[in-house]
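Heads up, the thing below is written out as structure tokens.
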Amino acid sequence: MYPIDLSGKNGIVFGVANDKSIAWSIAETLHKAGANLALTYQNERLKSRVARLVEQWDNVTLWECDVTDSKQIGEVFQELKGRYGSISFVVHSVAFANREDLLGAFSETSREGFMKALDVSAYSLIPIAKYAAPLMVEGGSIVTITFHASEKVYPGYNVMGTAKAALENEVKQLAAEMGPNEIRVNALSPGPLDTLSARGIGGFLDMKHVHEQRSPLRRNTTHEEVGDAALFLCSQLSSGITGTILPVDGGYHIMGI
Ligand SMILES: NC(=O)c1ccc[n+]([C@@H]2O[C@H](COP(=O)([O-])OP(=O)(O)OC[C@H]3O[C@@H](n4cnc5c(N)ncnc54)[C@H](O)[C@@H]3O)[C@@H](O)[C@H]2O)c1
């Protein structure tokens, strides 16, 4: 048995694009812990790749969901209700910014690019939490993924830093609103990890190098460590924790220089 047992628990993970996705590491860990999982992917183009990843799993459902469409989000939770009745966790691991907004000067961010980044990467947590809450009949856990650029400047991260600041604020507001129903809302804040999205960030390799040199653990964070931390937050072992941003970054965030 896995160190934390989630057998009999149902939940959904948004944001699997491939086997490097943070959502995938989390889904794999939750699966090993025995949870019944639904996964969503952004569009038809990703469907076969995600389907291949889970072909050996028997207790999994796949749905397409573009998180800029609240109707689709509502339909996914309707399907989830039909399949499982109730759920105990939701993982939101979704972000997007136009490539040009992750390379140039922050002051050059376009209005359209700003709205897009904030819509996908921050706003989407709100309808997801809204539709998830009624299905969390015995309480539950909502987990999203943020980054240290929400509070410190990482040149190249640009508008995504703004989106992460908004996302972290949402975590706190949703946690305060949903706490009386035993629904917890938290974020993991991993150090830099090689993923499809990370490749688009200007200076990403420098970020990895600096984290490796300066973090107290003197190495980069692994996908597995983020999966394990998500499992903790999705389980009852974290029952007293809500509204929290939990760094999984080898301690990098405590360093001054
Ligand atoms: N990789 C890192 O270094 C790192 C560090 C800290 C936080 N994060 C965060 O982790 C999360 C996951 O990113 P990742 O690094 O695993 O990259 P990824 O590219 O594997 O995942 C991003 C996901 O967002 C999805 N997505 C984008 N637009 C969407 C839309 N309109 N509707 C539905 N889904 C959409 C993509 O399809 C993809 O599955 C993001 O929030 C990212 O900001 C990543």
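General remarks:
- Test: residue in region 116-133 that is buried (at least 19 other Cβ atoms within 10 Å of the Cβ), modelled with pLDDT of 95 or more and polar (S, T, N, Q): yes
- Residue under evaluation residue 13, criteria (1) more than 11 Å from the ligand (Cβ to nearest atom); (2) in contact with a strand residue (DSSP E or B) (Cβ under 6 Å, 6 or more places away or on another chain), criterion not met: (1)
- For beta carbons closer than 9 Å, sequence separation of 6+ or different chains, a first residue in region 53-74 that is closer than 15 Å to residue 41 by Cα and among the aromatic types (Phe, Trp, Tyr) and a second that is at pLDDT 95 or above and in a helix (DSSP H, G or I), the qualifying pairs are 63/72; 63/75; 63/76; 63/79; 63/80.
- Selection count, region 1-36, where residues are closer than 18 Å to residue 125 by Cα and exposed (fewer than 15 other Cβ atoms within 10 Å of the Cβ): 0
- Only one of 88, 110 that is in contact with a Gly (Cβ under 6 Å, 6 or more places away or on another chain) and either modelled with pLDDT of 95 or more or surrounded by 18 or more Cβ atoms within 10 Å (Cβ to Cβ) (or both): 88
- Number of residues in region 1-49 that are in contact with an Asp or Glu (Cβ under 7 Å, 6 or more places away or on another chain), outside any strand (DSSP E or B) and more than 18 Å from residue 190 (Cα to Cα): the value is 6.
- Pairs where the first residue, in region 197-215, is of a type outside the set (Ser, Thr, Tyr) and the second is outside any loop (DSSP other than H, G, I, E, B) and crowded, with 19+ Cβ neighbours inside 10 Å, C-beta under 6 Å, 6+ apart: 198/204; 200/102; 201/102; 202/102; 211/252
- Only a single item in (1) in contact with a Leu (Cβ under 7 Å, 6 or more places away or on another chain); (2) under 22 Å from residue 232 (Cα atoms); (3) at pLDDT 95 or above is not met by residue 62, and it is number (2).
- Within region 50-59, considering residues that are in a helix (DSSP H, G or I) and buried (at least 18 other Cβ atoms within 10 Å of the Cβ), the one nearest to the ligand (Cβ to nearest atom): 50
- Residue ID - nearest to residue 93 (Cα to Cα), chosen from residues in region 206-227 that are surrounded by fewer than 19 Cβ atoms within 10 Å (Cβ to Cβ) and in contact with a helix residue (DSSP H, G or I) (Cβ under 8 Å, 6 or more places away or on another chain): 224
- Count of residues meeting criterion [in a helix (DSSP H, G or I) and either near the ligand (Cβ under 8 Å from one of its atoms) or within 14 Å of residue 246 (Cα to Cα) (or both)] in region 176-207: 5
- Beta carbons closer than 8 Å, at least 6 apart along the sequence or on distinct chains, pair a first residue in region 169-188 that is on the phi > 0 side of the Ramachandran plot with a second that is part of a loop (DSSP other than H, G, I, E, B) for 182/136; 182/138.
The values are calculated or read from the model by the stated rules, or taken from the named source; none is laboratory data. Everything numeric here is computed off the predicted structure, so don't read it as measured data. Every residue, glycine as well, gets a Cβ built from its backbone with ideal geometry; the counts of neighbours run over all protein chains shown.
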